[in-house]
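Chemist: Following this message is one structure expressed as structure tokens.
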Ligand code: UDP
């Protein structure tokens with residue numbers, strides 16, 4: 001019987017890519033293992049995700065995707081995205097249970113690796129006595145926050161939204177309560193209750209796999225491995241195996257962005273891309289355009305339509321934007337020598353690795369951060385959703401790889417502020433120092449992934465743990 005590792009990612013291409021990359025690394029470490037990735041139809045509803053799955057299927061036959069059937073009553077897209085993810089995973093539990101049972105009839109399941117947002121399947125894995133690991137697709141800092149959340153929950157009674165104080169978490173700068181993820185601000189939110197469950201279950205896992213590397217978050221990793229985030233019990237084995245990021249794709253050789261970058265001077269272009277679902281209202285789009293013009297810097301900007309106001313729309317839906325209606329009159333013409341505006345989606349990883357790129361206005365999503373660190377590109381932090389505000393504190397004040405962008409309480413950034421930060425990053429001495437530091441991170445990220453590097457050693461330990469299971 002073949003030896004299988006089953007993986008269950010969460011929705012969103014960022015979550016899928018890190019899971020697939022981990023699968024590829026596991027196979028490269030031990031080619032006798034095969035990988036089965038469970039997917040609901042909601043996992044591959046967008047074009048970018050469907051294409052990605054198609055490419056992996058043809059390039060890596062040892063990774064197979066197991067397509068779970070459509071639910072008779074799938075959760076409704078009007079549900080807030082975070083709740084939708086939890087509901088979906090919960091609804092699939094009976095199917096996942098039967099699927100795991102059926103896989104185990106013909107193969108030895110050496111372990112199940114759950115995305116932390118697929119946490120609701122944890123009890124299913126336990127009921128089948130399967131060794132269960134979590135892949136945490138955020139930072140080591142994020143894992144620490146997640147684990148420590150149970151302690152905060154048990155030692156306080158107020159919601160974060162009412163605290164008006166700083167949250168102290170071992171190994172990290174204090175986080176202002178309102179910079180905690182929106183989904184956690186109120187104890188009565190379903191999303192809060194779901195995250196507390198993740199926090200509790202993660203302490204019971206066989207191992208926690210983290211998408212980060214030793215040189216990026218050393219202080220934080222030390223306090224994690226010292227057990228400071230689970231004061232009342234043992235910390236599961238931690239595996240820092242990152243950066244799990246996507247390599248170059250042959251599909252993109254003719255891409256408009258990469259061709260345009262070929263004609264730009266070295267490290268001269270600032271990239272503005274805001275994750276898989278980042279969208280701005282009309283007034284903010286106008287203001288960004290004004291800020292770009294004012295800064296005089298070269299730029300590559302991925303523009304999307306503003307979020308729909310009343311429509312029931314999938315968070316990942318990307319309708320074609322009408323640029324002339326969204327941007328100031330004449331903007332595209334005036335900036336055509338210095339800038340490129342792209343609609344909806346771009347090959348971000350390859351763009352960041354391009355020699356002409358010198359800065360990245362980033363929404364602080366962890367995959368984007370790692371792609372930038374690997375490529376040696378410094379950041380301007382513009383958090384939008386999920387845990388990104390707290391990531392900003394970590395990136396700017398903790399590991400010092402980003403500039404802080406001032407924004408109003410509702411997240412609005414003025415053209416002047418954007419222009420100032422762009423000039424600081426691209427022209428001034430402080431930006432130069434930041435770039436040098438991030439270039440050192442890039443060298444460390446690459447060193448971590450070669451034989452004998454810290455992430456390779458951690459990967460070997462993880463595969464050793466998977467293989468230690470007698471089925
Ligand atoms: N991405 C991309 N092109 C785009 C926008 C995003 O390839 O135009 C990719 C990006 O490279 C990253 C992922 O989508 O791998 C986004 O993940 P991240 O964790 O940064 O943010 P999320 O979308 O989960 O908020």
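Chemist: Filter the range 124-163 for residues that are more than 15 Å from residue 184 (Cβ to Cβ), in a loop (DSSP other than H, G, I, E, B) and either within 16 Å of the ligand (Cβ to nearest atom) or in contact with a strand residue (DSSP E or B) (Cβ under 9 Å, 6 or more places away or on another chain) (or both) and give the result.
Modeler: Within the range 124-163, 128, 130, 131, 137, 139 meet the criteria.
Chemist: What residue, of 271, 241, 210, is more than 16 Å from the ligand (Cβ to nearest atom) and crowded, with 20+ Cβ neighbours inside 10 Å? Reasoning before the result, please.
Modeler: Numbers: 271 fails: more than 16 Å from the ligand (Cβ to nearest atom); 210 fails: more than 16 Å from the ligand (Cβ to nearest atom).
Sole residue among the options that is more than 16 Å from the ligand (Cβ to nearest atom) and crowded, with 20+ Cβ neighbours inside 10 Å: 241.
Chemist: Against the definition (within 12 Å of the ligand (Cβ to nearest atom), in contact (Cβ under 8 Å) with a residue 40 or more places away in the chain, part of a loop (DSSP other than H, G, I, E, B) and crowded, with 17+ Cβ neighbours inside 10 Å), how does residue 368 come out, yes or no?
Modeler: Working: within 12 Å of the ligand (Cβ to nearest atom): yes; in contact (Cβ under 8 Å) with a residue 40 or more places away in the chain: yes; part of a loop (DSSP other than H, G, I, E, B): no; crowded, with 17+ Cβ neighbours inside 10 Å: yes.
It is false that residue 368 is within 12 Å of the ligand (Cβ to nearest atom), in contact (Cβ under 8 Å) with a residue 40 or more places away in the chain, part of a loop (DSSP other than H, G, I, E, B) and crowded, with 17+ Cβ neighbours inside 10 Å.
Chemist: May I pose another question? Out of 418, 340, 434, which single residue is closer than 26 Å to residue 218 by Cβ and either touching a strand residue (DSSP E or B) at 6+ places or on another chain (Cβ under 6 Å) or in a helix (DSSP H, G or I) (or both)?
Modeler: On the way: 418 fails: closer than 26 Å to residue 218 by Cβ; 340 fails: closer than 26 Å to residue 218 by Cβ.
None of the other options fit; the residue is 434.
Chemist: How about the range 442-462: which of its residues are in a helix (DSSP H, G or I) and surrounded by fewer than 20 Cβ atoms within 10 Å (Cβ to Cβ)?
Modeler: 442, 443, 444, 446, 447, 454, 456, 457, 460, 461
Chemist: Hey, can you tell me all the residues within the range 1-50 that are more than 14 Å from the ligand (Cβ to nearest atom), part of a loop (DSSP other than H, G, I, E, B), in contact (Cβ under 8 Å) with a residue 60 or more places away in the chain and closer than 24 Å to residue 73 by Cα?
Modeler: 45
Chemist: Still on this structure: Among the listed residues 446, 389, identify the single one that is touching a helix residue (DSSP H, G or I) at 6+ places or on another chain (Cβ under 9 Å), within 16 Å of the ligand (Cβ to nearest atom) and farther than 25 Å from residue 339 by Cβ. If you could, list the steps in order and put the result at the bottom.
Modeler: On the way: 446 fails: within 16 Å of the ligand (Cβ to nearest atom).
Result of the check over 446, 389: 389.
Chemist: From the list 285, 300, 327, 292, which residue is buried (at least 20 other Cβ atoms within 10 Å of the Cβ), within 15 Å of the ligand (Cβ to nearest atom) and in contact (Cβ under 8 Å) with a residue 40 or more places away in the chain? Reasoning before the result, please.
Modeler: Working: 285 fails: within 15 Å of the ligand (Cβ to nearest atom); 327 fails: within 15 Å of the ligand (Cβ to nearest atom); 292 fails: within 15 Å of the ligand (Cβ to nearest atom).
Just one listed residue meets the conditions, 300.
Chemist: Do the conditions hold for residue 410, that is, is it over 13 Å from the mean Cα position of the chain (by Cα), surrounded by fewer than 24 Cβ atoms within 10 Å (Cβ to Cβ) and within 21 Å of residue 82 (Cα to Cα)?
Modeler: yes
Chemist: Still on this structure: Of (1) closer than 30 Å to residue 415 by Cα; (2) surrounded by fewer than 19 Cβ atoms within 10 Å (Cβ to Cβ); (3) in contact (Cβ under 8 Å) with a residue 60 or more places away in the chain, residue 259 satisfies all except one. Which?
Modeler: All conditions are met except number (3).
Chemist: Would you be able to tell me the number of residues in the range 431-468 that are over 17 Å from residue 213 (Cβ atoms) and touching a residue at least 12 places away in the same chain (Cβ under 8 Å)?
Modeler: The number of residues fulfilling the criteria is 7.
Chemist: Has the range 425-438 got at least one residue that is closer than 30 Å to residue 191 by Cα, out of contact with any helix residue (DSSP H, G or I) (no Cβ under 6 Å at 6 or more places or on another chain) and at pLDDT 95 or above? Before you say what the answer is, go through the steps one by one.
Modeler: Restricting attention to the range 425-438, the residues satisfying the condition of being closer than 30 Å to residue 191 by Cα are none.
No, the range 425-438 contains no residue that is closer than 30 Å to residue 191 by Cα, out of contact with any helix residue (DSSP H, G or I) (no Cβ under 6 Å at 6 or more places or on another chain) and at pLDDT 95 or above.
Chemist: I've got another one for you. Here are some residues: 272, 261, 178, 224. Which one is touching a strand residue (DSSP E or B) at 6+ places or on another chain (Cβ under 9 Å), assigned to a helix (DSSP H, G or I) and over 25 Å from residue 459 (Cβ atoms)? Give the derivation first.
Modeler: Details: 272 fails: assigned to a helix (DSSP H, G or I); 178 fails: touching a strand residue (DSSP E or B) at 6+ places or on another chain (Cβ under 9 Å); 224 fails: over 25 Å from residue 459 (Cβ atoms).
Checking each option against the conditions leaves just 261.
Chemist: I would also like to ask the following. From the list 327, 352, 384, which residue is touching a helix residue (DSSP H, G or I) at 6+ places or on another chain (Cβ under 8 Å) and over 22 Å from residue 254 (Cα atoms)?
Modeler: Numbers: 352 fails: over 22 Å from residue 254 (Cα atoms); 384 fails: touching a helix residue (DSSP H, G or I) at 6+ places or on another chain (Cβ under 8 Å).
One residue alone meets the criteria, 327.
Chemist: Right, here's the next one. Could you list, in sequence order, the residues of the range 343-357 that are away from the ligand (no atom under 11 Å from the Cβ) and either modelled with pLDDT under 95 or in contact with a strand residue (DSSP E or B) (Cβ under 6 Å, 6 or more places away or on another chain) (or both)?
Modeler: 356, 357, listed by residue number.
The values are calculated or read from the model by the stated rules, or taken from the named source; none is laboratory data. As the structure is a prediction and not an experimental result, all values here were calculated from the model. When we count neighbours, we look across all protein chains shown, and the Cβ atoms used for this are built from the backbone with ideal geometry, even at glycine.
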